[in-house]
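Single-structure report; data block below.
The values are calculated or read from the model by the stated rules, or taken from the named source; none is laboratory data. Keep in mind the model is a prediction, meaning the values are calculated, not measured. Reconstructed Cβ throughout: ideal geometry from the backbone, glycine too, with neighbour counts over all protein chains shown.
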Amino acid sequence: MITYQEVFDNFIAALTGRPTGTRVQAEDLEDANTTLLDYVEQLKNQISGSYLREAHASTAAGVNCNLVWNTVFSDTNYSYTINGFDSNGQPVEISLISKSSTKLVINTLANATITALAIPYGVNP
(Lines give C-alpha, C1' and ligand atoms only; values in the text may rest on other atoms or scores of the structure.)
Protein backbone atom coordinates (compact mmCIF):
# COMPACT_ATOMS: atom_id res chain seq x y z
CA MET A 1 0.00 0.00 0.00
CA ILE A 2 1.39 3.36 -1.06
CA THR A 3 1.22 6.17 1.49
CA TYR A 4 0.94 9.89 0.98
CA GLN A 5 4.36 10.28 2.62
CA GLU A 6 5.96 7.97 0.04
CA VAL A 7 4.50 10.03 -2.81
CA PHE A 8 5.64 13.25 -1.16
CA ASP A 9 9.15 11.88 -0.53
CA ASN A 10 9.47 10.72 -4.18
CA PHE A 11 8.67 14.21 -5.45
CA ILE A 12 11.01 15.89 -2.98
CA ALA A 13 13.80 13.49 -3.95
CA ALA A 14 13.19 14.08 -7.68
CA LEU A 15 13.06 17.88 -7.35
CA THR A 16 15.64 18.59 -4.67
CA GLY A 17 17.74 15.43 -4.40
CA ARG A 18 20.22 16.41 -7.08
CA PRO A 19 23.44 18.40 -7.22
CA THR A 20 23.01 22.17 -7.33
CA GLY A 21 22.88 23.52 -10.86
CA THR A 22 21.74 20.26 -12.47
CA ARG A 23 18.39 19.59 -14.05
CA VAL A 24 15.72 17.29 -12.67
CA GLN A 25 16.36 13.80 -14.03
CA ALA A 26 13.53 12.59 -16.26
CA GLU A 27 13.58 9.06 -14.81
CA ASP A 28 13.27 10.41 -11.23
CA LEU A 29 10.32 12.61 -12.20
CA GLU A 30 8.73 9.70 -14.09
CA ASP A 31 9.06 7.53 -11.00
CA ALA A 32 7.44 10.22 -8.82
CA ASN A 33 4.59 10.68 -11.29
CA THR A 34 4.01 6.92 -11.51
CA THR A 35 3.92 6.67 -7.71
CA LEU A 36 1.38 9.52 -7.61
CA LEU A 37 -0.85 7.86 -10.21
CA ASP A 38 -0.66 4.53 -8.37
CA TYR A 39 -1.61 6.29 -5.13
CA VAL A 40 -4.61 7.97 -6.76
CA GLU A 41 -5.77 4.66 -8.26
CA GLN A 42 -5.40 3.00 -4.86
CA LEU A 43 -7.55 5.71 -3.23
CA LYS A 44 -10.14 5.48 -6.01
CA ASN A 45 -10.47 1.73 -5.46
CA GLN A 46 -10.79 2.16 -1.69
CA ILE A 47 -13.51 4.78 -2.03
CA SER A 48 -15.52 2.98 -4.68
CA GLY A 49 -15.76 -0.11 -2.50
CA SER A 50 -16.41 1.62 0.79
CA TYR A 51 -19.39 3.91 0.76
CA LEU A 52 -23.10 4.04 0.32
CA ARG A 53 -24.98 1.16 -1.32
CA GLU A 54 -28.56 1.20 -2.48
CA ALA A 55 -31.28 -1.25 -3.40
CA HIS A 56 -34.77 -0.78 -4.83
CA ALA A 57 -37.66 -3.20 -5.31
CA SER A 58 -41.40 -3.56 -5.53
CA THR A 59 -42.97 -5.98 -3.10
CA ALA A 60 -46.11 -8.09 -3.10
CA ALA A 61 -47.97 -8.40 0.19
CA GLY A 62 -46.80 -11.41 2.21
CA VAL A 63 -44.16 -12.50 -0.33
CA ASN A 64 -40.42 -12.40 0.46
CA CYS A 65 -38.56 -9.80 -1.59
CA ASN A 66 -34.83 -9.51 -2.36
CA LEU A 67 -33.29 -6.06 -1.98
CA VAL A 68 -30.05 -6.58 -3.91
CA TRP A 69 -27.24 -4.08 -3.24
CA ASN A 70 -25.90 -2.20 -6.26
CA THR A 71 -22.38 -2.99 -4.98
CA VAL A 72 -21.67 -6.11 -2.95
CA PHE A 73 -20.26 -5.70 0.56
CA SER A 74 -17.18 -7.71 1.58
CA ASP A 75 -19.09 -9.07 4.61
CA THR A 76 -22.28 -8.43 6.61
CA ASN A 77 -20.76 -5.67 8.77
CA TYR A 78 -22.95 -2.84 7.53
CA SER A 79 -25.78 -0.64 8.72
CA TYR A 80 -28.89 -0.15 6.63
CA THR A 81 -32.17 1.67 6.54
CA ILE A 82 -35.27 0.65 4.59
CA ASN A 83 -38.27 2.74 3.60
CA GLY A 84 -41.39 1.54 1.82
CA PHE A 85 -44.61 3.13 0.66
CA ASP A 86 -47.82 1.72 -0.78
CA SER A 87 -49.55 3.11 -3.89
CA ASN A 88 -51.33 5.73 -1.73
CA GLY A 89 -48.04 7.02 -0.35
CA GLN A 90 -48.57 5.48 3.07
CA PRO A 91 -45.57 3.90 4.83
CA VAL A 92 -45.63 0.11 5.08
CA GLU A 93 -44.39 -2.21 7.77
CA ILE A 94 -41.24 -4.05 6.71
CA SER A 95 -39.92 -7.25 8.29
CA LEU A 96 -36.32 -8.35 7.85
CA ILE A 97 -36.01 -12.03 6.95
CA SER A 98 -32.24 -12.22 6.35
CA LYS A 99 -29.11 -10.16 5.71
CA SER A 100 -26.15 -11.12 3.50
CA SER A 101 -23.30 -9.27 1.79
CA THR A 102 -25.29 -9.16 -1.46
CA LYS A 103 -28.84 -8.43 -0.31
CA LEU A 104 -31.53 -8.08 2.32
CA VAL A 105 -34.55 -10.35 2.21
CA ILE A 106 -37.65 -8.59 3.49
CA ASN A 107 -41.41 -9.07 3.72
CA THR A 108 -44.21 -6.48 3.74
CA LEU A 109 -47.87 -6.67 4.67
CA ALA A 110 -48.89 -4.63 1.60
CA ASN A 111 -47.75 -4.12 -2.00
CA ALA A 112 -45.08 -1.44 -1.84
CA THR A 113 -42.16 0.33 -3.42
CA ILE A 114 -39.05 -0.15 -1.28
CA THR A 115 -35.75 1.72 -1.09
CA ALA A 116 -32.81 0.69 1.09
CA LEU A 117 -29.51 2.45 1.79
CA ALA A 118 -26.50 0.94 3.55
CA ILE A 119 -22.96 1.81 4.57
CA PRO A 120 -20.17 -0.42 5.96
CA TYR A 121 -19.38 -0.11 9.65
CA GLY A 122 -16.55 2.29 10.43
CA VAL A 123 -16.92 4.49 7.33
CA ASN A 124 -17.26 8.24 7.81
CA PRO A 125 -18.32 9.71 4.44
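Values computed for the structure shown
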quantity: Residue match in the range 55-69 (condition: under 13 Å from the mean Cα position of the chain (by Cα), within 30 Å of Ile2 (Cα to Cα), of a type outside the set (Gly, Ala, Ser) and at pLDDT below 95); calculated: no
quantity: Pairs with Cβ under 8 Å, 6+ apart, first in the range 51-68 and within 16 Å of Ile94 (Cβ to Cβ) and touching a residue at least 60 places away in the same chain (Cβ under 8 Å), second of a type in the set (S, T, N, Q) and surrounded by 14 or more Cβ atoms within 10 Å (Cβ to Cβ); calculated: Glu54/Thr115; Ala55/Thr115; His56/Thr113; His56/Thr115
quantity: Where a residue in the range 73-97 is closer than 15 Å to Ala55 by Cα and its partner, wherever it lies, is of a type in the set (Asp, Glu) and surrounded by 10 or more Cβ atoms within 10 Å (Cβ to Cβ), with Cβ under 9 Å and at least six apart; calculated: Gly84/Glu93
quantity: Cβ-Cβ under 8 Å pairs, at least 6 apart or on other chains, the range 21-47 side of a type outside the set (A, V, I, L, M), far side surrounded by 14 or more Cβ atoms within 10 Å (Cβ to Cβ) and outside any helix (DSSP H, G or I); calculated: Thr35/Ile2; Asp38/Ile2; Tyr39/Ile2; Gln42/Ile2
quantity: In the range 108-125, residue modelled with the lowest pLDDT [restricted to those that are of a type outside the set (Gly, Ala, Ser) and in a loop (DSSP other than H, G, I, E, B)]; calculated: Pro125
